[in-house]
Amino acid sequence: MPKRQGNPEMPPVRPIYSNPEPEPEPEPEPEPESDLALDHVFGAPEAEFVSEGWQQEQLSHVERATYRSRRLMSRNEYRVYQTAERAVRKMGAGHLVFAQVSLGEILASEDHGAYKAINSKRVDILVTDRFGQPRVAVEYQGSGHYLSGDAEVRDRIKRLALENAGIHYLDVHSPLDGRALSNRLLERLQAAPQMKRPVGKSTA
């Protein structure tokens, strides 16, 4: 039986393999929220302050250094502190007195420059209500306070920032008049609004 011949004009059919389309790459998962999420409120730290290398450099300095303790307050600042404590006890509303408090711990601002302006500054005495809400800041201006050329500017920065946040500012000059300070402090505390619970803090 003769073999059947194919059509000579048609080339043999070969299977065609198409390259499959590459699968789309999965979208990267969002990074977990870091401790710096509130930088817009509390002021973003400089890059070197959050780098591991900078932390290691700090550690090297600490390991080589020798430290000694220092007094938290001068003698006159301590007298101001004692006067403030007696005044709040007399008021009997549970107010608390703290010394050498950083403004960066009690003030916040969405303006990074404004926050940096006060972050490293301190107040000598801070009086809070019984919930820890700042009410009155007291600054003692000793006899040598204004020997520094920028003292008045620094004082003005503190006063403006504190009063802008609703915290009373008292400046006390040498020589200290304990009775006058006590009266002024009580006036400010009585004028401050009494909070039923702390602002921005969890009660859990």
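Every number here is computed from the coordinates shown, using simple stated rules; none is lab data. This is a predicted model, so every value here is computed, not measured. Note that each Cβ is placed from the backbone with ideal geometry, even for glycine, and that neighbours are counted across all protein chains shown.
What the table below lists for this structure:
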item	result
Amide H within-cut-off set for Glu139, under 5 Å, with H built and near neighbours excluded	Leu170, Asp171, Val172
Anisotropy class of segment 75-191 from Cα gyration tensor, a/c 1.5 cut	oblate
Amide proton proximity set for Phe131, modelled H, under 5 Å, gap of 5+	none
About the Cα centre, charge dipole magnitude for segment 75-191 (Lys/Arg +1, Asp/Glu -1 at Cβ), debye	400
Gln56 paired with Arg156, simple spin-label distance in nm, labels 7 Å along Cα-to-beta-carbon	4.5
